[in-house]
Structure formats: structure tokens, C-alpha cells
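**Student:** One structure is given below, represented as C-alpha cells, and several questions about it will come after.
A short reminder: the numbers here are calculations on the coordinates, not readings from a lab. Computed from a predicted structure; not experimentally measured. No Cβ is skipped: glycine too gets one built from the backbone with ideal geometry, and neighbour counts run over all protein chains shown.
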């Protein structure tokens, strides 16, 4: 049904989900308007990695590229967890208030969304992680299974050009990875020896970075600065993959700097339009027969709640918030490790990833080479972050230790609980008068137990690899800095306990769809979510096309 709208579909949010949905719809010949609140980034201009200060730069901040959020009071920390507490030799304790530090939601607004600054891990979800409720009594089951999602994983990997190993255990494949795995860096080979000594599997990670040229894109040059923005286009961010492919069809129009402030509901259980804000404060109404939300697990529930509680018939919008459960441990090795070289997160251990893989704890985790994540890829950053002291003694220490750092990271299952949610801030609003999203994050006892296991195992792996002089540990125990967030518009078959159905469509609103990680019923045992978001979005695009 087109009605009098100019577009067959309007997509709100140009990150992993919105980009993949746009591509899927355009492949079906539908005209798509892809809106995002943030700007375009020009890789050649905006990601300068050739300057002398490259290692102290973060991903660039442009006007509108960070959305404002607020935080509920941080969780009180009842005792000291020396294995988990955040700090470093150079900085000292990062948390001294006795409460969980919550001051950052790590995301990017813009054409490509947070894939612009993601590391580029490209993971399929463990099949057992999709049945957490029926098998383990926690979270909720996915209303679809791995076999239903597998063909869409394959399509997404093919377009992106994912490089990976021949086998990833329970993640069975109908087709091999389109790209061969990346060679392991020197640091990962050292960690591989430690893993072998502990009887752990240590393999090449699956990465959205090209190991050979692909579809006109260059192969990776292993500069290691994926999180600062890829100037060459070898990292498979959404702008150079799905959005580029959607634009090539001639059916897609992309509009940056176009924040949607409200979704307009009509009669007959249909939404009718999106309202877009402009810098001068004016509001533009854009009618459309299909609306797809892909703003992420924080902004999607905010927009629904700010639109009069749209799609919240179950009362579940904003609930079941799951954030990043993470530990990173850095140590010095007697021998140079050259951790600044090679592809970040190039190697991984999946041995504890299954929901029942950690003894006496429900919910899995994974371990990986985290040398890049310690933000010490250059000499200046290393000197500031990792080495204590000042003056000549500090300079001597930097010369002695530079290149010797080795780091192991772990990301684990995040389970929903009643205290973790997204709601509307009662006081703070944006320039259009819309309440900000307020984040309430909470670690339950099981999450702390999982973090403790992750920290101990990371230390064990470092020691087995020959690195025992630990200089830094930081974790989600006292530092909320979420990179992966999920669950606030859960998908399910029961409309009383979920927001969208198995096809990602609102249970009530027949032309309202959600294609981002907010629909995840469970987080998985540490898998990066972008590939699963993209597979779900390609699947949902087929259903949108049939409903149009």
C-alpha cells in the first residue's frame, strides 16, 4: 500500500540494522528513504591516521555524531573486587566513589552508525544461546532458531567480505567464509602458546576486514586502528557495504542530520508518518506506508516511548536492557610482543562461549587478543596509559617496556534483570523538547560471578603465555562503557511478553518494524552483534516487502 507517500518505506537509523534493511528492500525494487540523526563521515578526510598524534586520537566527533543520554544513579559497590576493579599503573584507580561509574554510552550517530568505529568482529550467535529460557531458565527464547537465520548470515557475510576460519564449532555453515582468515599477529601467536598449554582452542577470529581485495575494496593493511575509523574502506562498516550497495540499486535516498522526533500513529493499527527535526527547530512530516526503526537498543525505545508509548501494549518497551559484560587485563611480557602490529582482535577462544560452558554459571563468554583495546598502539598513548612515574625515570621505563605489553579481553553473556532498563528522563530534553533516554544498568550476582571467572581465566592465559606483571585491569564491575547493548524491544511469539513478532514487526502496528539489537531476547556469550543484526534485518526486509 503506497497511499500518497513518496517512499515505499522509511528507515530510521543508518547503522548495521537500518543499512542492511535498506539494502534488502532496495533489492526487492522498493524505494527507501534512510534517515539518520548524525552526519556523513568521509573516510579520506575524517580518519587522519598519518599525523604524529594518530595514537592519541579517538574516533572523530562531528556535529550531531553523539546523542545525549542520561544515567540513573550508579549501582553501589558493596565490597572490593581486586580482580575486577578498573585502574592502571599510569592512571591509578579510575573509580573511588563506591558506585559504578556511568558516564558514557559508546556509540556513533551517522551514516554507518557504530559500525564506523567498531573493531569489526563478525560473529554468528551460538545456536544454544537462542534457547536460554527453555534450556537454562533465564532471559527468553528467540522465536526463530539458528537454521532459520543461517541463510541470511551467509548473505551478509558475502556482501561484507568476512574473513574467517574453516570451522567455528557449533556455528555450522552452509558455505565457507568468503575470505580466508587473517594471519595471526605476533602477540596472538604468543597467546596461542599459552592457550595450548591450558588445553584451550585459539583460532583466527572472524572479521569484517578484507584479507584479500573484494568488490572493489582494498585488503587490510594491518594498521591496527580499526576503532579510529578506516580510511581505506577495507573494514566492513555499513557505509561501504550495505549502504553503498543500496545506493547502487538507484532505489535508496540517504538523508543525514535528520533526527526523527516522533512516529505518528493513525487508524487501522497503522503508523502514518515520521516527524523529522531540523536545526532551526522546525518539524517536517514524512508520510510512509512502512516504518522501520533501527536506532539501537537505547534510542529505539526512547522514540517509541516519546511517541505516546507506541508498540508498548505489553509494557516491555525499554525493559530487558542488556549491556556489555567485559574484562580486559593487560600485562608486560619479558619478550617484545609488538602488540601494536596486526589486526585488532585477530584471535579468539570460543571454549567457554556456550551457555553451560562455565562451571556452575549460566551464560557463556569468549576470550580474545585485546592488545588494541588497551588503547596503547602508539608510543604516546602507551607512555600516558601504561607506565607510572615522571621525568627521566619514566622515560627509561617507557624505553624498557615499550612493545612488551600483552592483553587478553573477555566478553560475556549479559542477562536481563528488573533493574536494567531504558526509560525517559523526567527532566532533561533535547532541542526539540523530547526527553532524553535514561539508562539504568545493573549487575546481578550471576553477572559478577561471570566477570570473576573471565578475569581469572584472562590472568591464567596471560601467565601461561609468559606475561605475569599485570599493569591494568578494567571491567564492567565498576565501569559502564557499553559498546554492545540489547533487548529493550524483545522479539517473541507472545504479544503479552514481547514487543515485536518473529518477523520483527510490532504485534499491533501492522506497518511498524524494528531491526536492531533491541529485539534480541538474549545477548549471546560474548558474540559481537552486528552480523546477527544484519542477518535479522535481511530476513525482516523480505517480510516487509511481502507486507507492502
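**Student:** Based on the Kirkwood radius over alpha-carbon pairs, what is the Stokes-Einstein translational diffusion coefficient of the range 447-525 at 37 °C with 0.692 mPa s viscosity, in µm²/s?
**Tutor:** Rounded to a whole number, D works out at 211 µm²/s.
**Student:** Among 354-361, 448-455, 404-411, how do they line up from the highest to the lowest mean number of other beta-carbon atoms within 10 Å?
**Tutor:** Order by mean packing, descending: 404-411, 448-455, 354-361.
**Student:** Expressed as a fraction of 2.2 N^0.38 Å, the rule-of-thumb size for a compact globular protein of N residues, what is the C-alpha radius of gyration of the range 322-420?
**Tutor:** Computed over Cα atoms of the range 322-420, the ratio equals 1.34.
**Student:** Further question: Rounded to the nearest 0.05, what FRET efficiency do residue 193 and residue 42 have when you use their Cβ-Cβ distance and R0 = 51 Å?
**Tutor:** E between residue 193 and residue 42, to the nearest 0.05, is 0.75.
**Student:** Take each of the peptides 380-392, 319-331, average the number of other beta-carbon atoms within 10 Å over its residues, and list them starting from the highest.
**Tutor:** Ranked by mean Cβ neighbours within 10 Å, highest first: 319-331, 380-392.
**Student:** With a ≥ b ≥ c the root eigenvalues of the C-alpha gyration tensor of the range 403-464, is it rounded (a/c under 1.5), prolate (a/b larger than b/c) or oblate?
**Tutor:** Cα axes put the range 403-464 in the oblate bin.
**Student:** To continue, here is another question. Using the alpha-carbon atoms, what tilt in degrees (0 to 90, nearest 10) does helix 146-160 show relative to the longest principal axis of the chain?
**Tutor:** The helix 146-160 is inclined about 80 degrees to the chain.
**Student:** Based on the alpha-carbon set only, what is the convex hull volume of the range 251-292 divided per residue, in Å³?
**Tutor:** Residue-normalised Cα hull volume stands at 79 Å³.
**Student:** Viscosity 1.306 mPa s, temperature 10 °C: give me the Stokes-Einstein translational D for the range 429-483 in µm²/s, with Rh taken as the Kirkwood radius over C-alpha pairs.
**Tutor:** Answer from the Stokes-Einstein relation: 111 µm²/s.
**Student:** How big is the convex hull of the Cα atoms of the chain, per residue, in Å³?
**Tutor:** Cα convex hull per residue, to the nearest whole number: 141 Å³.
**Student:** Also, I was wondering about something else. Could you check how many percent of all C-alpha pairs in the range 391-548 are farther apart than 26 Å?
**Tutor:** Tail fraction, whole percent: 50.
**Student:** Same structure, new question: Quick one: grab Rg to one decimal and Dmax as a whole number for the range 365-480, Cα atoms only, in Å.
**Tutor:** 19.3, 56
**Student:** Using alpha carbons only, how many degrees (0 to 90, rounded to 10) separate the axis of helix 16-27 from the longest principal axis of the chain?
**Tutor:** 50
**Student:** Provide the gained length on full extension for the span residue 494 to residue 392, in nm with one decimal, where the gain is 0.36 nm per separating residue minus the Cα-Cα distance.
**Tutor:** Extra length available between residue 494 and residue 392 comes to 30.1 nm.
**Student:** What are the semi-axes of the equivalent ellipsoid for the range 345-394, taken as the square roots of 5 times the Cα gyration tensor eigenvalues, largest first, in whole Å?
**Tutor:** Over the Cα atoms of the range 345-394, the semi-axes work out to 36, 13, 6 Å.
**Student:** Arrange the peptides 292-303, 277-288 so that the one whose residues have, on average, the most other Cβ atoms within 10 Å appears first.
**Tutor:** Taking the mean over residues of other Cβ atoms within 10 Å, the ranking is 292-303, 277-288.
**Student:** If you don't mind, another one. At 222 nm, what value in deg cm²/dmol follows for the chain if DSSP H runs of at least 4 each add -39500 (n - 2.57) and the sum is divided by all its residues, to the nearest 500?
**Tutor:** Estimated from H runs of four or more residues: -6500 deg cm²/dmol.
**Student:** Send over the semi-axes of the range 194-350's equivalent ellipsoid, whole angstrom and largest first, taken as the square roots of 5 times the C-alpha gyration tensor eigenvalues.
**Tutor:** Over the Cα atoms of the range 194-350, the semi-axes work out to 42, 23, 15 Å.
**Student:** Could I ask something else about it? Once the Cβ-Cβ distance between residue 284 and residue 57 is put in as r, and R0 is 45 Å, what FRET efficiency do you end up with, to the nearest 0.05?
**Tutor:** 0.80
**Student:** From the square roots a ≥ b ≥ c of the eigenvalues of the alpha-carbon gyration tensor of the range 40-186, which class results: rounded (a/c under 1.5), prolate (a/b over b/c), or oblate?
**Tutor:** oblate
**Student:** Can you give the Rg to Rh ratio for the range 16-59, taking only C-alpha atoms and Rh from Kirkwood?
**Tutor:** 1.20
**Student:** May I have the pair-distance distribution P(r) for the range 122-234, computed from all Cα-Cα distances with 5 Å bins from 0 and rounded to whole percent?
**Tutor:** For the range 122-234, the pair-distance distribution reads 2, 10, 16, 18, 16, 16, 13, 7, 2, 0.
**Student:** I want the antiparallel fraction of DSSP beta bridges within the chain, as a percent rounded to 5.
**Tutor:** Antiparallel bridges make up about 70 percent of those DSSP assigns within the chain.
**Student:** With no solvent and one equal point scatterer placed on each C-alpha of the range 306-347, evaluate the Debye formula and give log10 I(q)/I(0) for q = 0.20 Å⁻¹, two decimals.
**Tutor:** -0.83
**Student:** Another question about this same structure. Express in whole angstrom the spacing between the alpha-carbon centres of the range 475-548 and the range 211-277.
**Tutor:** With the range 475-548 and the range 211-277 each reduced to a Cα centre, they are spaced 18 Å.
**Student:** Which of rounded, prolate or oblate describes the range 173-227 when judged by the alpha-carbon gyration tensor and an a/c cut-off of 1.5?
**Tutor:** Oblate is the answer for the range 173-227, as a/c is 1.5 or above yet b/c matches or exceeds a/b.
**Student:** Report, to two decimal places, the Cα Rg of the range 317-371 normalised by 2.2 N^0.38 Å (N = number of residues).
**Tutor:** 1.52
**Student:** A further question follows. Report the rotationally averaged projected area of the range 207-290 based on its alpha-carbon convex hull, in square nanometres.
**Tutor:** If you wrap the Cα atoms of the range 207-290 in a convex hull and average its projections, you get 8.5 nm².
**Student:** Something else now. Using bins 10 angstrom wide from zero, how does P(r) for the range 255-322 break down, in % of all Cα pairs?
**Tutor:** 19, 52, 26, 4
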